[in-house]
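Okay, so here's the structure we're looking at.
The values are calculated or read from the model by the stated rules, or taken from the named source; none is laboratory data. Being a predicted model, the structure only gives us computed values, none of them experimental. Heads up, the Cβs are rebuilt from the backbone with ideal geometry, glycines too, and the neighbour counts pull from every protein chain shown. What goes into the accessible areas is simple: the full protein's heavy atoms, side chains included, and nothing from ligands, DNA or RNA. Shrake-Rupley method; radii C 1.70, N 1.55, O 1.52, S 1.80 Å.
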Amino acid sequence: MEATAPPAGDGGLAVSDLVVGYGPVRALRGVSLRVPAGAVVAVLGTNGAGKSTLLRAVSGTLRFHRGGIGGGDITWRGTRLSGVPAPGVVARGVTQVPEGRRVFARMTVEENLRAGALGAKGGGAREAALARERVHTLFPVLAERAHQRAGLLSGGEQQMLAIGRALMARPSLLLLDEPTLGLAPLVAARIGETVKEINAAGTSVLLVEQNVALALSLASYAYVLEVGEVALEGRTADLAAGDEIRRRYLGMADAARDRPRGAPPRRTLTRWFA
Ligand SMILES: Nc1ncnc2c1ncn2[C@@H]1O[C@H](COP(=O)(O)OP(=O)(O)OP(=O)(O)O)[C@@H](O)[C@H]1O
Ligand SMILES: [Mg+2]
């Protein structure tokens with residue numbers, strides 16, 4: 001690894017030598033990563049590499065999955081974040097959009113958004129109204145469907161709602177776990193555009209993605225996790241220009257491309273090169 005991570009300074013997120021386990025299962029084995037203030041940073045990696053675990057550790061939601069931090073440190077804006085329970089993390093300006101969207105299906109779109117605003121630091125009705133206005137501008141469909149049950153939305157719309165709900169907490173850092181998974185290419189591209197807009201408005205983003213092309217186009221810096229460790233990191237311009245990511249997974253991609261017609265795909269990673 002020649003590349004050095006950009007400094008987070010006191011304005012960003014710094015994860016140092018983070019060790020996380022679920023009981024006896026060791027999911028992260030000393031992961032270090034930085035998200036400088038204002039940046040979009042991507043985390044890539046195959047299934048089970050530890051991407052969601054990393055986001056859960058930052059957002060303080062590990063305990064809901066019976067996981068725990070076994071070592072290392074997480075700091076945000078110069079103060080310690082590890083050990084802070086989930087509501088405290090949201091109150092400090094860090095909000096996670098969990099894997100698989102997880103909207104409240106039986107609640108309306110509007111009620112989902114309102115729930116997102118509950119954890120916001122300070123601010124009253126006026127701030128919440130401004131946040132909602134911003135979410136509606138980003139995702140007009142959420143205004144059109146305000147009184148519809150969230151469970152009736154399409155997958156893409158539910159992802160928009162999940163992101164919108166997180167934005168209602170007015171985060172300074174947004175943690176996105178595979179926001180385009182299972183979405184049609186056009187919808188995925190739309191989500192990508194939204195990530196750019198959110199970042200342009202001043203929110204830093206830590207983006208977990210299996211779609212490498214999309215992640216490299218959105219982020220300035222990327223980390224590749226392999227079985228709980230950072231196997232590769234660098235500026236996305238360098239990673240995109242070089243063939244390190246491709247070389248690492250070429251065997252799988254080629255195997256899938258050459259597979260007999262109708263045979264099942266061997267690894268999900270093939271969609272990296274689709
Ligand atoms: N609640 C849990 N209990 C026990 N083991 C878990 C739990 N959640 C995750 N793991 C294990 O921890 C490791 C990392 O899982 P994690 O979900 O963080 O990976 P991931 O990179 O997000 O994978 P995916 O791409 O499938 O979402 C895996 O070996 C997984 O089986
Ligand atoms: Mg995951």
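In whole percent, and with a 1.4 Å probe on the protein chains, what portion of the accessible area of segment 13-242 is carbon and sulfur?
On the way: 5090 of 9610 Å².
That fraction is 53 percent.
What is the sum of charges around GLN96, taking Lys and Arg as +1, Asp and Glu as -1, for the other residues whose C-beta is under 13 Å from the C-beta of GLN96?
Values: positive: LYS51, ARG56, ARG92, ARG101, ARG102, ARG165; negative: GLU99, ASP177, GLU178.
Combined, the nearby Lys, Arg, Asp and Glu give +3.
For SER16 and ALA91, calculate 0.36 nm times their separation in residues minus their Cα-Cα distance, and state this gained length in nm to one decimal.
On the way: separation 75, 0.36 × 75 = 27.00 nm, distance 2.22 nm.
This chain segment gains 24.8 nm when fully extended.
Rounded to the nearest 500, what is the chain's calculated 222 nm mean residue ellipticity when only DSSP H runs of at least 4 contribute -39500 (n - 2.57) each, over all residues? Mind dumping the intermediate values first?
Numbers: 10 runs with 99 residues, N = 274.
Helix contribution divided over all residues of the chain: -10500 deg cm²/dmol.
Would you please classify the overall shape of segment 13-242 from the alpha carbon gyration tensor, given that a ≥ b ≥ c denote the square roots of the eigenvalues, rounded means a/c under 1.5, and beyond that prolate means a/b larger than b/c while oblate covers the rest?
Working: a/c = 1.63, a/b = 1.35, b/c = 1.21.
Because a/c hits 1.5 or more and a/b exceeds b/c, segment 13-242 counts as prolate.
Of MET168, MET160, which has the most accessible area and how do the rest follow, probe 1.4 Å? Let's see the in-between values first.
Values: MET168 0, MET160 25 Å².
In descending accessible area the options line up as MET160, MET168.
Have a look at ARG34, ARG190, ARG165 and tell me which one the Gaussian network model of the chain (Cα, springs below 10 Å) gives the largest fluctuation.
For the chain, modelled as a Gaussian network with Cα springs under 10 Å, the answer is ARG190.
Please give the charge dipole size of the chain, origin at the Cα centre, charges +1 on K and R Cβ atoms and -1 on D and E Cβ atoms. Round to the nearest 20 debye.
Numbers: 34 positive and 24 negative charges, 147 e Å.
Here the chain has a charge dipole of around 700 debye.
Given labels modelled 7 Å from the Cα in the Cβ direction, how far is it in nm from HIS65 to THR137?
3.4
Against the 2.2 N^0.38 Å scaling, with N counting residues, where does segment 1-109 land? I'd like the Cα-based Rg ratio to two decimal places.
Details: Rg = 14.4 Å, N = 109, 2.2 N^0.38 = 13.1 Å.
So segment 1-109 has a normalised radius of gyration of 1.10.
On average, how much accessible surface per residue is there in segment 13-242, in Å², for a 1.4 Å probe, leaving out ligands, DNA and RNA? Show your work: numbers first, answer last.
Values: 9610 Å² over 230 residues.
Roughly 42 Å² per residue, with all protein chains present.
For LEU152, what is the net charge nearby, where nearby means another residue's Cβ is under 13 Å from its Cβ and Lys, Arg count +1, Asp, Glu -1?
Values: positive: ARG106, ARG145, ARG149; negative: GLU144, GLU157.
Spelling it out: positives minus negatives among the neighbours equals +1.
Quick one: of the DSSP bridges fully inside the chain, what percent are antiparallel, nearest 5? Can you show the working numbers first?
On the way: 24 of 42 bridges.
Roughly 55 percent of the beta bridges in the chain run antiparallel, per DSSP.
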